[in-house]
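Here the structure comes first, spelled out in structure tokens, and everything after it is commentary.
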Amino acid sequence: MKELFSHSAEMDIFAVDIEGNFYNIELQISGSLSFARVENYSSTLNKYSLKPGEDYENSKDTWTIFITNQQYWKETGEPIFDDGPVCRIEYAQVYGNTPKKVMSQSHSHICLVNALYNGDDVLGDLMRDLNSTNPSKIKIPALRKVETWLKETKEGENIMTSVFNELLQEEVKKELEKKVEKVREETRAEMEKEMEDTRAQAQAEIQKEKEESKKQTIRSYFIEGGRDNAFIAKVMHTSIEYVQNIRNEMANTLLQV
């Protein structure tokens, strides 16, 4: 679901049943699982469950389902499936920062299913079927029929090839965008370093000119007959030792001449 002014959600499976309820099914196999991502997908689904101008009371149920082999939350490191192969998340009413009860009328549902579950029940059959690459070994009839059609018919093969090419192009596009962004970041960093170096060099030149101007003023003071080191040091906001060093340099120059 593309957004103009917010983060888009690219859903693996999006469906609406005959009663108007919305479903999003995600397969999260690689990478860590973030609750922030799960919550974002659920919120996106909720937003699209109401038509413009429709009353909130007409909200349909939304089901955000993540089938994942990840066992721990990215944010906390805590186990996801500590109470069976299905983790059910419901929104709760909160009073004084303490959850009091689950909202019984909530239309938003989040479920996480352990893709590694291998139990001897319907859910175990489904997880094994989803992981199977051989249609003849798929136990659920509807899934076996679809898998066989996709893999063993020309039309199904064409669809799979088309989908694979689209996914490949999308991955290539994402990888290209990452490389472009990396080059931009590196170029930006180099430009900032060059600017910083140029700024530092300019400041050094200015400081050098100021230093030379100060020395020349002190020299002029002595050339004009001045003799009071403490006086000229105070006027030029420097130390008597600094003034004496310049005076010594002038004397050494005269001796060399």
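The number of residues in the stretch 2-33 that are in a loop (DSSP other than H, G, I, E, B), touching a Phe, Trp or Tyr at 6+ places or on another chain (Cβ under 9 Å) and either at pLDDT 85 or above or on the phi > 0 side of the Ramachandran plot (or both) comes to 2.
Within the stretch 157-187, being aliphatic (A, V, I, L, M) and either open to solvent by 90 Å² or more (accessible area, probe 1.4 Å) or within 27 Å of residue 133 (Cα to Cα) (or both) holds for 159, 160, 163, 167, 168, 172, 176. If you scan the stretch 138-156, which residues turn out to be open to solvent by less than 90 Å² (accessible area, probe 1.4 Å) and in a helix (DSSP H, G or I)? Residues satisfying the conditions are 141, 142, 143, 144, 146, 147, 148, 150, 156. For the stretch 212-221, the criterion of being open to solvent by 80 Å² or more (accessible area, probe 1.4 Å), in a helix (DSSP H, G or I) and among the basic types (Lys, Arg) is met by no residue. Need a quick list: strands (runs of 3 or more DSSP E) entirely within the stretch 34-100 having at least 2 residues that are more than 21 Å from residue 10 (Cα to Cα), open to solvent by 40 Å² or more (accessible area, probe 1.4 Å) and at pLDDT below 85. Correct list: 92-95.
Would a scan of the stretch 131-145 turn up a residue that is closer than 25 Å to residue 70 by Cα, charged (D, E, K, R) and touching a Leu at 6+ places or on another chain (Cβ under 6 Å)? No, the stretch 131-145 has no match at all. Of all residues assigned to the stretch 45-68, at least one qualifies as being closer than 11 Å to residue 112 by Cα, in contact with a Phe, Trp or Tyr (Cβ under 6 Å, 6 or more places away or on another chain) and touching a residue at least 40 places away in the same chain (Cβ under 8 Å).
The values are calculated or read from the model by the stated rules, or taken from the named source; none is laboratory data. Since the model is a prediction, treat every value here as computed from it, not as a measurement. No Cβ is skipped: glycine too gets one built from the backbone with ideal geometry, and neighbour counts run over all protein chains shown. Please note that ligands, DNA and RNA were not included when accessible areas were found on the heavy atoms of the full protein model with its side chains. Shrake-Rupley method; radii C 1.70, N 1.55, O 1.52, S 1.80 Å.
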